[in-house]
1. Extension gain K121-I266, at 0.36 nm per residue separation less the Cα-Cα distance, in nm?
2. In debye, nearest 20: dipole of region 68-224 around its Cα centre with unit charges on the Cβ of K, R (+) and D, E (-)?
3. Please tell me which of these pairs span more than 24 angstrom C-alpha to C-alpha: K274/K307; K231/K289; K274/K323; K57/K323; K273/K384; K301/K339?
4. List every residue whose amide H lies under 5 Å from the amide H of V130, counting only residues 5 or more places away in sequence or on a different chain, with H placed 1.01 Å from N in the peptide plane.
5. Using the basic label-point model (7 angstrom from Cα toward the beta carbon), what is the D254 to Q135 distance in nanometres?
6. Towards the positive end of the charge dipole of region 64-177, with charges on Cβ (+1 Lys, Arg; -1 Asp, Glu), say which of P166, V113, T103 has the farthest Cα.
7. Determine how large the accessible area of E232 is when every protein chain is in place; take a 1.4 Å probe and give Å² rounded to the nearest 10.
8. Sticking with the crude label model, points 7 Å out along Cα→Cβ, report the distance from L154 to E171 in nm, one decimal please.
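The values are calculated or read from the model by the stated rules, or taken from the named source; none is laboratory data. Nothing here was measured: the structure is a model prediction, and the numbers come from that model. Neighbour counts are summed over all protein chains in view; Cβ atoms, including those assigned to glycine, are modelled from backbone coordinates with ideal geometry. Surface accessibility is based on the protein's heavy atoms, side chains included, excluding ligands, DNA and RNA. Shrake-Rupley method; radii C 1.70, N 1.55, O 1.52, S 1.80 Å.
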Amino acid sequence: PHLAALVLARGGSKGIPLKNIKLLAGVPLIGWVLRAAIDAGVFQSIWVSTDHDEIEKVAKQFGARVHHRSPEVSQDSSTSLEAIREFLNHHPEVDIVGNIQATSPCLHPSDLVKVADLIQKEGFDSVFSVVRRHQFRWSEVKKGENKMTEPQNLNPAKRYRRQDWPGELYENGSFYFARRHLIEKGYLQGGKMAYYEMRAEHSVDIDIDIDWPIAEQRVLSFGYFGKEPLKEVKLLVCSIEGCLTNGRIYVTEDHKEMVSYDYRDIVGMDLLKKRGIQVRLISERDCSKTLSAMQLGCVAKISATNKLQVLKDWQEDMGLSWKEVAYLGNEESDVECLKQAGMSGVPADACAAAQKAAAYICRSSGGRGAVREFAEHIFLLLEKVSSARKQ
């Protein structure tokens, strides 16, 4: 049977404008679940249903196909079921829909593989995600009612310790898989049903975790970053124009060139060096005088006609795997380097091709703190590597 992943991502959002493509830990929110769906390898097709051009652009960048949802199912009052049924009306080849929520950025491919097995191999008609909570519930007493609250799932005289109580299962909204015949009847859950219990640390819902920095910390700690395990970064290669500088060249009356840079970026480079990470610079231009004036103390390659070859030479000379190399670029000439490096980033104002190739998009622009921001991102991922080793 044709199993399709479907992410619903309309443009309207009452809380956060265009939330579905807002950057979370350097990746558009929707990109986290699309990466997990693609790497799961269980879907015959992966779709994003949207009514917005920018969301369509991001979805295609991450390898998804796009279903253009109609205005009738793009309203604030529209339900997920209505949007899914419209999708099925246009795609008769689909037998099973895995509706994945864009707001669940800690979803892992292993979860999706197991759910696909429940549907395809064990014959369930619908499977949905749950998380285990250890929370005591009490009855609500509305204002003006003359009654007392009552315990719902505990005996106050004999309260369970957490380790002695299995807790309860709650839907976490991460995904809903269902066969076509159920959806056409108006159900996402029905027939032969099963739940799939997700790990609590993977159950992150941006609809609830409105505090974006907290959500970013959760994703950096528990999110899915790709098929290969992260490794300690030992080399950062940074493009000079457009990353370390803003790409502008100022010419004086006596024909001397001047550029500007942000001191925060220099601090970021120094912090990397203190952590034992080499920082090297690369440029297509002959900017030797500029580098001499900046006194950065970094190995640099100028007039580089083939940046990828320079990067390969450095990687081989240092005896590094690609997972130990980070690259910060901003132009089309950086694209192949961004694809090759284990950790890649671009400033906020990088060209579209570079943004598409990078794993991390900075909030800061080139020459305005992007290097420092990318350095901090590297530090956070190194903490994730260290934590994984301890486990």
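1. On the way: separation 145, 0.36 × 145 = 52.20 nm, distance 5.54 nm.
Gain in length upon complete extension: 46.7 nm.
2. Values: 20 positive and 24 negative charges, 154 e Å.
That gives a dipole near 740 debye.
3. Going by Cα-Cα distance, K274/K307; K231/K289; K57/K323 fall outside the 24 Å limit.
4. When sequence neighbours closer than 5 places are left aside, the close amide H contacts are N172, Y196, E197, M198.
5. Placing both labels 7 Å beyond Cα along the Cβ direction yields 7.0 nm.
6. P166
7. For E232, solvent-accessible area is about 60 Å².
8. Simple spin-label model gives 2.6 nm for this pair.
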